[in-house]
Amino acid sequence: MTPGRAAGLALVVLLAAGPVIPLGGMREYVLHVMVQIFVWSFIGGAWALMGRFRLVSLGHGAFLGLGAYTATLLWNHYGLTPWLGGVAAVALTAAVAVIVAYPCSRLQVVGHYFALVTLAVGEVVRLLIIAERNWTGGSLGISLRPAGRDSLLAVQFADKRVFYYAGLVLWLLGLWVWLRVDRSMARSAMEAIGEDETAAASVGIHVTRFKIWITVLSASLTAVGGVAYAQYISYVNPDTLAGIGV
């Protein structure tokens, strides 16, 4: 059996067993681990979207942190439901991604230099979070304001099975986006850009547009993962969600 078929078979087994796993009296700790696997797999897939086309980013902690902190702060300070806070988080993250990607593309900052730019962006976001300690809790982090009871509006539930199913859906969403990108016409354009930007531009491929598109898509999905992680853990701190270790 080839590695591709083995991976496909494993995916089919997981999809078949996934919905019924929590119904077998699974311990809370195991559910906790499964939720973390789903969420971080989604985040990893979002980050790998750029790597798939030879765009190396070392600053995705910035996008993860922006997603997590934006939704958390809007809920804690203004009572805005994470459903809307998540939308605001994705919008802010997408804007930052454009600010990073556009000048890098126009100035042909590629390879290791692009990776260093993203690394710097990640560190800037982490330091800003630490500096604004009155809002963010600084290096100690900040906990989500408890809703006091199970609440769909606040996305807070005592039963980990709710987060298990939400994490499963999130992970499947990430796989669906990956497949859509991989089977789209944009894939060929992005692969050409990854091989040689000058050659790609010479055959009519809009290099800047495609690089911004994949960066914004990857960053936005990473922000969604940050929101999901923050809602599940109910606590965010800059080293976990905005540092280079991400």
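Observations, loosely collected:
Yes/no matrix, rows are residues, columns are (1) touching a residue at least 60 places away in the same chain (Cβ under 8 Å); (2) more than 16 Å from Leu64 (Cβ to Cβ):
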residue: Ser143; (1), (2): yes, yes
residue: Ile193; (1), (2): yes, yes
residue: Phe210; (1), (2): no, yes
residue: Leu217; (1), (2): yes, no
residue: Thr222; (1), (2): yes, no
residue: Asn237; (1), (2): yes, no
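- The stretch 189-214: number of residues that are more than 20 Å from Ala46 (Cβ to Cβ) and in contact with a Ser or Thr (Cβ under 7 Å, 6 or more places away or on another chain): 2
- Hey, Gly85 modelled with pLDDT of 90 or more and touching a strand residue (DSSP E or B) at 6+ places or on another chain (Cβ under 9 Å) or not: no
- Wholly enclosed helices (runs of 4 or more DSSP H) of the stretch 131-215 bearing at least 2 residues over 29 Å from Cys104 (Cβ atoms) and among the β-branched types (Val, Ile, Thr): 160-182
- Of all residues in the stretch 154-189, those being among the aliphatic types (A, V, I, L, M) and modelled with pLDDT under 90 number 6.
- Number of positions in the stretch 142-164 that are within 15 Å of His77 (Cα to Cα) and of a type in the set (Gly, Ala, Ser): 3
- Residue among Val30, Val39, Val35, Val90 that alone is within 14 Å of the chain's Cα centre (by Cα), over 18 Å from Thr215 (Cα atoms) and assigned to a helix (DSSP H, G or I): Val39
- Test result for Arg52, buried (at least 20 other Cβ atoms within 10 Å of the Cβ) and of a type in the set (Lys, Arg): no
- Enumeration of residues in the stretch 93-116 that are surrounded by fewer than 17 Cβ atoms within 10 Å (Cβ to Cβ) and part of a helix (DSSP H, G or I): Ala95, Val98, Ile99, Tyr102, Pro103, Arg106, Gly111, His112, Tyr113, Ala115, Leu116
The values are calculated or read from the model by the stated rules, or taken from the named source; none is laboratory data. Quick caveat: nothing in here was measured; it's all calculated off a predicted structure. Cβ atoms come from the backbone with ideal geometry, glycine included; neighbour counts cover every protein chain shown.
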